[in-house]
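Since the structure comes first, as structure tokens, the remarks are kept for the end.
What follows draws every value from the coordinates through simple rules; no lab data is involved. Just so it is clear, the model here is predicted, and its values are computed rather than measured. Reconstructed Cβ throughout: ideal geometry from the backbone, glycine too, with neighbour counts over all protein chains shown.
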Amino acid sequence: MKKLFLSALVALSAHTVWADDYNYLTVAYNSVEQSIALGTVQKITFENGNCVVSTTDGQFTYPLSQMEKMRFTADPTAIKSLPSTSKSLAFANGLLTLGRPGTLRIYNAGGSLIRLAEVDKNGTADLRSLPKGLYIISLGDETIKIKK
């Protein structure tokens, strides 16, 4: 019996060390991603068809019918670093010029995916409707940081 208890304790401690690599709870819902720092999460409950994440900063409610996935991540977004320049993405006067087709992803400074758009290779994206702030724009494997 002691060997079984000791084995379970070792397995749990190994799992805890592995879980320490994660810093965020990332929720995808309605084609938007939001990352919440794990240090602020107090509890997660399911009530009245919603997932409710209570944090030290407040409460986030996600309708289960709109949730796509919930996972633990090391980074708030898939973007780990930004290059200093991009060859095909350019931003000027509120317009983003794109050099090729693909899926455009716009992240806010908090790391939440706020917009997805399919673009054609000759098009521009009008970002004038976005509020002032810092954004990370990604198209395929290219990323640019913009300040509006």
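Using a 7 Å offset from the Cα along the Cα-to-Cβ direction at both ARG128 and ILE114, what is the distance between the two label points in nm, to one decimal?
1.8 nm
Using only the Cα atoms of segment 21-73, what are the Rg and Dmax in Å?
10.5, 32
Around GLY110, under 12 Å between beta carbons, what's the net of Lys plus Arg minus Asp minus Glu among the other residues?
-2
Which value, in debye to the nearest 20, describes the size of the charge dipole of segment 89-147 about its Cα centre when Lys and Arg Cβ atoms bear +1, Asp and Glu Cβ atoms bear -1, and nothing else is charged?
Value, rounded to 20: 220 debye.
Which Cα, out of LEU96, ASN108, LEU139, lies furthest along the positive dipole direction of segment 89-147 (beta carbon charges, K/R +1, D/E -1)?
It is ASN108.
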